[in-house]
Structure formats: structure tokens, C-alpha cells
1. Picking from PRO93, PRO62, PRO16, which is most flexible by a Gaussian network model of the chain using Cα springs under 10 Å?
2. What shape does the stretch 12-132 take by its C-alpha gyration tensor, where a ≥ b ≥ c are the square roots of the eigenvalues and a/c under 1.5 counts as rounded, a/b above b/c as prolate, and the rest as oblate?
3. Please work out the average accessible area per residue across the chain, using the 1.4 Å probe convention, and give it in Å².
4. Enumerate the amide H contacts of THR36 below 5 Å, restricted to partners 5 or more residues apart or on another chain; note that Pro and chain-start residues carry no placed amide H.
5. Along the Cα→Cβ direction, 7 angstrom out, place labels at MET123 and PHE100. What is the inter-label distance in nm?
6. Among SER65, SER99, SER115, which one moves the most in a GNM of the chain with springs linking Cα atoms closer than 10 Å?
7. Can you pull the percent of the chain's accessible area that's carbon plus sulfur, 1.4 Å probe, other chains left in place?
8. Quick check: convex hull over the Cα atoms of the stretch 29-97, volume per residue in Å³, rounded to an integer?
Amino acid sequence: MSNEPSRRILVADDDPAILRLVTAIVEKEGYEVVSTRDGREAYKQLQTGGEFAACVFDVVMPHISGPELVRYMKTERKLMKIPVMMMTAEQNPKLPSDSFAAGAVVFLPKPFTTSQLQVMLRMLISKSQGAS
């Protein structure tokens with residue numbers, strides 16, 4: 001294993017269109033994407049998938065929600081430093097504060113533009129490199 005920072009980003013969203021969009025944008029930024037369709041798949045990846053530079057989770061997903069995933073990550077030493085971005089189409093004003101309370105670093109409301117996601121992604125990654 002090299003000491004290089006990981007170039008892999010875990011993305012979880014149960015909306016295939018959003019998953020494709022986020023994957024395309026993240027790959028354009030030069031990262032490798034591990035995409036998962038729900039919270040349970042994301043959870044398995046976190047347990048077995050090795051190093052991630054960052055995670056991008058939908059808030060509302062089947063099986064395990066985004067905030068639940070973040071709370072789980074905060075209990076695991078190898079995961080607690082990974083910065084997480086939450087996205088949601090829900091208009092609930094409580095969701096951003098819940099996400100930050102769980103430990104997310106960035107919150108992105110849907111629908112978002114490519115440039116919004118890019119800006120958020122760069123913020124996220126800078127947190128990742130700052131944390132190490």
C-alpha cells in the first residue's frame with residue numbers, strides 16, 4: 001500500500017439518474033467512484049472497501065439512511081476521518097442540521113448544477129486532505 005491519499009469516492013443514491021450524474025462529475029474531477037444504490041450497499045463498501053477519500057450520500061435511502069451511515073462511520077476509527085457530503089431533494093429544513101449533527105461536512109440540496117457539485121466536492125476533498 002502506498003502512502004498516496006486515496007482517489008476513491010464512495011457514492012450512494014437510490015436514484016439511478018443522480019448516481020450517474022454524480023459519478024460522471026466525480027470522475028471528471030479525477031477520482032475513481034464506487035457507486036452504490038442504497039445505504040446497505042454503501043455500508044458493506046465501508047466495511048470491506050478499503051480507503052476512501054470522501055463519501056457522497058443521499059439522505060433518504062432504503063435500508064440505511066445517509067445520516068445513519070455517517071453516525072456509523074463516526075464510531076469506526078478507520079472511517080471517522082472520511083469527510084461526507086449529504087444530498088437530498090427533500091425540502092425539510094431539519095435535514096441539513098440533522099446531517100451536520102450526524103457528522104456530514106457539506107450539504108447539497110437537489111436539484112443541483114454540475115458546478116455546485118464540483119465546488120462542494122472540492123470543499124469536501126480539501127477537508128479530507130486537511131484531516132490527515
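The values are calculated or read from the model by the stated rules, or taken from the named source; none is laboratory data. All of these numbers come straight from a predicted model, not from anything done at the bench. So basically every Cβ, Gly included, is an ideal-geometry build from the backbone, and we count neighbours across all protein chains shown. Side chains are part of the model used for accessible areas, which takes the heavy atoms of the whole protein and leaves out ligands, DNA and RNA. Shrake-Rupley method; radii C 1.70, N 1.55, O 1.52, S 1.80 Å.
1. The residue with the greatest mean-square fluctuation here is PRO93.
2. rounded
3. Each residue of the chain exposes 53 Å² on average to a 1.4 Å probe.
4. VAL11, ALA12, ASP13
5. For MET123 paired with PHE100, the spin-label model returns 1.0 nm.
6. SER115
7. So the carbon and sulfur contribution to the accessible surface is 53 percent.
8. Cα convex hull per residue, to the nearest whole number: 101 Å³.
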